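Reading through the structure tokens given below for one structure.
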């Protein structure tokens, strides 16, 4: 039981993972099975052939030796023959025995060399085996305790006794064992050579497949999600009638379809960006005109009915909001088009202080805290756009959390980068909205603050993401009830 438990906990052999390794292993396994089958067949055939030769020798010599044992103990002088039997043709190691009424009366073995001792000690088990030997004219294999395995043949004697003669199996087993060793060595070398040659052959045969895999790897590393993408050269196409050739052809055809789809998508996105930029640019003038006329009407000195005054103020407020939305859309269109931003050193610490001061003035009912490093942190970028990132994050925390919420702005350095955290202990962002929170026009149906105004078009966080990415940074969100954190990472600039 302990052994079984240990075997269960032994690590299982690892199967090859690559197709090349599997094909090579399969080839070697098939060859090993074939070699084993050939080896077993050769060993079995040789063993049967040599055993048959022993049976032939026993048939040819007949019961000469056991007949010499009929009338008493065989003496050394009798080795040259007497009237009861001729033993001159008997090989060394020949066994002879005489049985009468199922009992062994005499047993001897012709020794090798000049050794005169012919006696052999038989155990009770040996005597029982000799007594059970059938008299059918065929050889039978019996193992005797003192002299080993023998091929025995029994005859019926003239006096009603049983005469048994036999030859040792040791020469047969030695020959068979030698064949086993030779076969194991030859087949082992053949398997090793076949494994190496098979691995080289499989590797050569699968070279087109490796090239297809390399091409697929290069395609997977391309930024297919944005911008115009130039796909790598197509994979070479070998014999189209082979499986690898058909796969390479299908893969190249698929790459062609992908390239056409990417080209059409890029053209469509370019038209959309152009339309958004043109529309935003064209809307700025009429929106500004509407706002200006509304403010001018509010400044009229004459009496104006209260309803008209209220309507003019709403027109001014909404035109101002629309102007901000147009500016945001125009900024996103420019960032999508890859318009370069300003690249100059920006004191991020000072920028945070100014943004938090503005936020504190806009939201005095919130608790604003700062956690800044002692030394200024400088990044390379556009001052105005980075300020817009901070303002949008702070406005998001102010507008979507209830009064009394604590908002903490933390700035720290992390190796070659600066890390900004904007954390609040408000109700959190719903889990179903978080995956698309940085997408455009994303707005929560159930806002984090029950009394939050409905303004905003859902562009604030998308501008944060676009500006940060344009600076080569990243922005991430972690939110749960009672803890919402926006994390912005930017590359720092060494301070002179």
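No value in this document is a laboratory result; all are computed from the given coordinates. For clarity, every value in this text was computed on a predicted model and none was experimentally measured. For neighbour counting, all protein chains shown are included, and Cβ atoms are generated from backbone atoms with ideal geometry for every residue, glycine included.
What full-extension length gain, to one decimal in nm, is calculated for residue 175 and residue 480 as 0.36 nm per residue of separation minus the Cα-Cα distance? Mind dumping the intermediate values first?
Details: separation 305, 0.36 × 305 = 109.80 nm, distance 8.15 nm.
Value of the extension gain: 101.6 nm.
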**Study point:** Sequence ranges 166-173, 178-185, ranked by mean other-Cβ count within 10 angstrom, highest first
**Key:** 166-173, 178-185
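Efficiency by 1/(1 + (r/R0)^6): what FRET value for residue 266 and residue 190, r their Cβ-Cβ distance, R0 = 60 Å, to the nearest 0.05? Don't jump to the answer; show the numbers that get you there.
On the way: r = 58 Å, r/R0 = 0.97.
Taking R0 as 60 Å, the efficiency between residue 266 and residue 190 is 0.55.
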Review point. Which residues in the stretch 459-486 have a backbone N closer than 17 Å to a point placed 7 Å from the Cα of residue 432 along the Cα-to-Cβ line?
Key: 481
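Convex hull volume of the Cα atoms in the stretch 344-491, per residue, in Å³? It would help to have the intermediate numbers written out before the result.
On the way: hull volume 15.3 nm³, N = 148.
Enclosed volume per residue, from the Cα hull, is 103 Å³.
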Point to revise | Mean Cβ count within 10 Å, highest first, over the residues of peptides 485-491, 315-321 | key: 485-491, 315-321
